[in-house]
Amino acid sequence: MDTKPEFKPGTFLYAGKASALETVGLANPRDWSPTDDDWKLPADWKGIVREGMAERLQRFRSFKLFMDICVRCGACADKCHFFIGSGDPKNMPVLRAELIRSIYRGEMKTAGKILGKLAGGRKLTEDVIKEWFYYFYQCTECRRCSVFCPYGIDTAEITIIAREILNLLGTNIDWIASPVANCFMTGNHLGLKPHTFKENIEYLLDDIEEYVGVKIEPSFNRKGAEILFVTPSGDVFAEPGIFTLMGYLMLFDHIGLDYTWSTYASEGGNFGFFTSHEMMKRLNAKMYAESKRLGVKWILGGECGHMWRVVHQYMDTLNGPADWLEQPINPLTGTRFENAASTKMVHITEFTADLIKNNKLKLDPSQNDHIIPTFHDSCNTSRGMGMLEEPRYVLNNVCNNFVDMAPQVIRENTFCCGSGSGLNAGEYLEMRFRGGLPRANAVKRVHEDHGVNMLSCVCAIDRAVFPALMDYWVPGVGVCGVSELVANALVMEGQGEREYNLRGEENPSYKPPAEDEASAEAGEEGEE
Amino acid sequence: MKLKTLLAKHKSALISRWVDAIVETYPSETAKFLKNKKDQFSNPVGHTIVSETKNLFDQVLEGVDREKVTPFLDRIIRIRAIQEFTPSQAISFVFSLKYLIREIVGPEIDTEDLDQELVDLEAALDFMALVAFDIYMSCREQVYDIRAKEVQQNAFLLLKRANLLVEKPGPKPEDS
């Protein structure tokens, strides 16, 4: 506990900008850096921490329980990807939690106040705050450790509360604070204005027309559509996320879905979740508000991780009940999504799996024959909402070569990408490489044993961070969303020759029409 | 090459002590985990250290060849290059083997009068350390390259629309 963290480049995150904090009214906006000696904490910072902790011990029974019940059995100790990859013992979940538990004992419990270290307590100092900042922004809230805890202690919830308390002092990170401010002002993390959001999608529609030969004309902000579609904004501007978004556009066109995009609810992700419960609620509110304004029946959501943790576990009680919406029913198959009865929001992969199960898609999986994909279970969709079978079902129907990784590192045992919960910043690359090592190691095994050359996933942060992780640890493995592979296999009505994939690259699995067919077609054209 | 016969005789002791030496560069709680947890997925770092030291030791017996030792060294150094080590700490494990050989096989080297062979072997290990340094540097350079590439990818479409990217090769009108 006594070793102070050293803030070396590559292993800490930049401080939240004052302007971002001011935009959303977060505490103590100022210019500072974690490398400064003086963090410019508020004058009564100790009182703020004590009060903040006391309030949360009252509000969240889980937090109170998790502070009291750990018996230090060590079951969680070696389950954290950051511990495994960094070798830093304070990343053992039990020890990371101890960073705050020791203050709880030393500042809030009689025995700890009197006996100090003897009762496992310690006093609050500025170094403790620096240590919290270092280690609670080194936990991705992935919950893998909670799977192994015999008491069910969810260390993610401890990190969530610790970050809330850090936010009371204004000790937060810019990679979270700026997206939060952007999202609050314009609806999405990058701050894309409505016209830019729309133009970006139109740009991708042009690409679809060029590579697939199909002209698609989706609607934006259309009142009276049956379904509102919301996806992480990373899919609108980042590579390879944009190819996943092209996949959504093609899928919806293929089935003639009555849906609309919103340029206001233009972000599925919610970095408010990594700030405080209140901020999560504020940013999440736009999804339901927009569904009400547009008068849709239900909401369909794109491939994202933490977005689904918020939707599945918080949205209904934060901003619901959305009694203007109906329980989602797939208009093509009649399937009633019982799991979404309360939230009224369905995951695109559940939706696609249902379409395939009911033979509503015309698929040619051989278009993906050059791809040997494996699948990364996003922590939030697997441990957070139990979506384990659907992605595999979809992949097995749109590809002929799907290979799963080892059982101990998939499904609810999945290893985090190492960059979730707002840690996907460029300045944090080395720490992310440490955190992502166990996942990359498992990919490397299937790459070497089975020739896997594509890591598919259903999370926008995964798509953003895996290319770097693969380049370093497993060169030769690409990254894509599941919906991109779906689109590759879709046989679109009126499509041209699929010589190129959605990335504009030559498609190695493309088979030119047989010669007699080609000449027959040429003959027909000639007759015309 | 009597010395290599001696090394082969003490192979398991040398490798085991070499693994210890590497593992002990980590904090004690971590060292325990790295040594005891055997599963390659649950303990990729420990697993890599154990398997690659064996491979490297075989290379030392065979004669250190840059191409042959590179993949084995790379697997260990790639990890240490992004962990909490200075450059010298990251590659110091190569030198550990020199000291361990003197410690474990030293008395027999003296008895058998194999000093010259020891000098040659140590020169080979020094060469392996130089290769290790090259690998360390290439890993670090890769980290910076990847960081630059990621910045571009994260705003790919915006940069592309602003004509700030060189177009990727795609279908040309005459091809379609």
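The values are calculated or read from the model by the stated rules, or taken from the named source; none is laboratory data. All values derive from a computational prediction rather than experimental measurement. Cβ placement follows ideal geometry from the backbone for every residue including glycine, while neighbour counts extend to all protein chains displayed. When the accessible area is computed, the model is the full protein with side chains, heavy atoms only, and any ligands, DNA or RNA have been set aside. Shrake-Rupley method; radii C 1.70, N 1.55, O 1.52, S 1.80 Å.
Taken along its three principal axes, the alpha carbon spread of the stretch A:180-489 comes to 51, 43, 36 Å, from the longest extent down to the shortest. Per residue of A:495-504, other chain Cβ atoms within 10 Å of the residue Cβ number 2 on average. Sorting the segments A:432-444, B:86-98 by their residues' average number of neighbouring beta-carbon atoms within 10 angstrom, most packed first, yields A:432-444, B:86-98. Separation of the stretch A:19-61 from the stretch A:141-172 is 17 Å, based on Cα centroids. Close amide-amide hydrogen proximity is noted between A:Ser509 and A:His370, each under 5 Å apart and 5 or more residues distant or on a separate chain (H modeled in the peptide plane; Pro and chain starts excluded). Approximating the spin labels as points 7 Å out from Cα along Cα→Cβ, the A:Lys64-to-B:Ala162 distance works out to 5.1 nm.
Determine the gain in length on full extension of the stretch B:Ser12-B:Met137; use 0.36 nm per residue of separation and subtract their C-alpha separation, reporting nm with one decimal.
Details: separation 125, 0.36 × 125 = 45.00 nm, distance 3.08 nm.
Stretched fully, the B:Ser12-B:Met137 segment lengthens by 41.9 nm.
For the stretch B:21-80, what is the per residue volume of the convex hull drawn over the alpha-carbon atoms, in cubic angstrom?
Working: hull volume 4.9 nm³, N = 60.
Taking only Cα atoms, the stretch B:21-80 has a hull volume of 82 Å³ per residue.
3J(HN,Hα) along the stretch A:198-212, derived from phi through the Karplus expression 6.51 cos²θ - 1.76 cosθ + 1.60 where θ = phi - 60°, amounts to 5, 5, 4, 5, 5, 4, 6, 5, 4, 5, 4, 4, 5, 8, 10 Hz, with x in place of Gly and Pro.
The amide H of A:Ile173, built 1.01 Å from its N in the peptide plane, has A:Gly16 as neighbours under 5 Å, considering only residues 5 or more places off or on other chains.
Burial annotation for the stretch A:361-410: residues with an accessible-area loss of at least 30 Å² between the isolated chain and the complete set of protein chains, computed on heavy atoms with a 1.4 Å probe, are A:Gln408. Computed with a 1.4 angstrom probe on protein heavy atoms, the A-B interface buries about 4300 square angstrom of accessible area in total. Shown in residue order for the stretch A:31-48 are the 3J(HN,Hα) couplings computed by the Karplus curve 6.51 cos²θ - 1.76 cosθ + 1.60 at θ = phi - 60°: 8, 7, 9, x, 7, 5, 5, 9, 8, 6, 6, x, 3, 9, 4, 5, x, 4 Hz (x for Gly and Pro).
Take the Cα of A:Asp449, step 7 Å along the line toward its Cβ, and report every residue of the stretch B:42-72 whose backbone nitrogen sits under 14 Å from that point. Those under the cut-off are B:42. Bridging of A:Lys292 to aspartates and glutamates at a Cα separation below 15 Å is possible for A:Glu226, A:Asp316, A:Asp323, A:Glu326, once same-chain residues fewer than 8 apart are set aside. Here B:Lys160 is the anchor, and the aspartates and glutamates within straight C-alpha reach of less than 19 Å, apart from those fewer than 8 places off in the same chain, are A:Glu199, A:Glu202, A:Asp206, A:Asp207, A:Glu209, A:Glu210, A:Asp235, A:Glu239, A:Glu505, B:Glu150.
At R0 = 51 Å, how high is the FRET efficiency between B:Glu24 and B:Gln152 if r is their beta carbon distance? Nearest 0.05 is fine. Spell out each step's value before the answer.
Details: r = 41 Å, r/R0 = 0.80.
It comes out at approximately 0.80.
Simple spin-label estimate for A:Trp324 and A:Val71 gives 5.1 nm between the two label positions (7 Å along the Cα-to-Cβ direction from each Cα).
Simple point charges give the picture: +1 on the Cβ of Lys and Arg, -1 on the Cβ of Asp and Glu, and for the stretch A:377-523 a dipole about the Cα centre of about 900 debye. The fraction of accessible area contributed by carbon and sulfur in the stretch B:2-143 is 54 percent, rounded to a whole number (1.4 Å probe; ligands and nucleic acids excluded). Taking a straight Cα-Cα cut-off under 15 Å and skipping sequence neighbours fewer than 8 places away in the same chain, the aspartates and glutamates within cross-link reach of B:Lys4 are B:Asp58, B:Glu62, B:Glu108, B:Asp110, B:Glu112, B:Asp113, B:Asp115, B:Glu117, B:Asp120, B:Glu122.
Judged by a Cβ-Cβ distance under 4.7 Å, the unpaired cysteines of chain A are A:Cys70, A:Cys73, A:Cys80, A:Cys139, A:Cys149, A:Cys183, A:Cys304, A:Cys399, A:Cys417, A:Cys457, A:Cys459, A:Cys480.
Hull surface divided by four, with the convex hull built on the Cα atoms of the stretch A:92-218: how many nm²? Please list the in-between numbers first.
On the way: hull surface 48.7 nm².
Over all viewing directions, the stretch A:92-218 projects a mean Cα-hull area of 12.2 nm².
What are the semi-axes of the equivalent ellipsoid for the stretch A:18-172, taken as the square roots of 5 times the Cα gyration tensor eigenvalues, largest first, in whole Å? Spell out each step's value before the answer.
Working: eigenvalues 125, 72, 44 Å².
Semi-axes, largest first: 25, 19, 15 Å.
The distance from the alpha carbon centre of the stretch A:459-516 to that of the stretch A:271-323 is 30 Å, rounded to a whole number. For the pair A:Glu55 and A:Tyr203, a Förster radius of 56 Å applied to the C-beta separation gives a FRET efficiency near 0.75, rounded to the nearest 0.05.
Within 10 Å of the Cβ of each residue in B:27-34, the mean number of Cβ atoms contributed by other protein chains is 5. Rounded to the nearest 500, the helix-only mean residue ellipticity at 222 nm of the protein assembly as shown stands at -17000 deg cm²/dmol, with each DSSP H run of n ≥ 4 adding -39,500 (n - 2.57).
With a Förster radius of 22 Å, plug the Cβ-Cβ distance of B:Thr5 and B:Leu130 into 1/(1 + (r/R0)^6) and report the FRET value to the nearest 0.05. Spell out each step's value before the answer.
Values: r = 26 Å, r/R0 = 1.20.
So the FRET efficiency works out to roughly 0.25.
Extension gain A:Glu22-A:Ala406, at 0.36 nm per residue separation less the Cα-Cα distance, in nm? All intermediate terms of the calculation are to be shown ahead of the outcome.
Details: separation 384, 0.36 × 384 = 138.24 nm, distance 4.64 nm.
Contour length minus Cα-Cα distance gives 133.6 nm.
Rg and Dmax of chain A, both derived from C-alpha coordinates alone, stand at 24.2, 98 Å. Averaging the Cα positions of each part gives two centres, and for the stretch A:410-439 and the stretch A:104-124 these lie 34 Å apart. For chain B, the equivalent ellipsoid built from the Cα gyration tensor has semi-axes of 43, 19, 14 Å, listed from largest to smallest. With each label modelled as a point 7 angstrom along the Cα→C-beta vector, the A:Asp258-A:Asp38 pair spans 6.4 nm.
When the C-alpha to C-alpha distance is required to be over 26 Å, the pairs from A:Lys8/A:Lys113; A:Lys198/A:Lys286; A:Lys40/A:Lys109; A:Lys281/A:Lys357; B:Lys54/B:Lys98 that qualify are A:Lys8/A:Lys113; A:Lys40/A:Lys109; A:Lys281/A:Lys357.
What is the stretch A:362-510's relative contact order, in percent, from Cα pairs under 8 angstrom and six or more apart in sequence? If you can, show how the numbers build up before the last one.
Numbers: 234 pairs, mean separation 46.5, N = 149.
In percent, rounded to a whole number, it is 31.
Taking the mean number of other Cβ atoms within 10 Å as a proxy for protection, how do you rank B:44-50, A:470-476, A:118-124 from highest to lowest? Let's see the in-between values first.
Working: B:44-50: 22.6, A:470-476: 18.4, A:118-124: 16.3.
Put in order of decreasing packing, that is B:44-50, A:470-476, A:118-124.
Peptide A:431-438 is shielded by partner chain Cβ atoms: per residue, an average of 4 of them sit within 10 Å of its Cβ.
Against the longest principal axis of chain A, how steep is helix A:126-136, in degrees 0 to 90 to the nearest 10, with axes from Cα atoms? The answer is roughly 20 degrees. Taking Cα atoms only, the orientation of helix B:11-23 departs from the longest principal axis of chain B by about 50 degrees.
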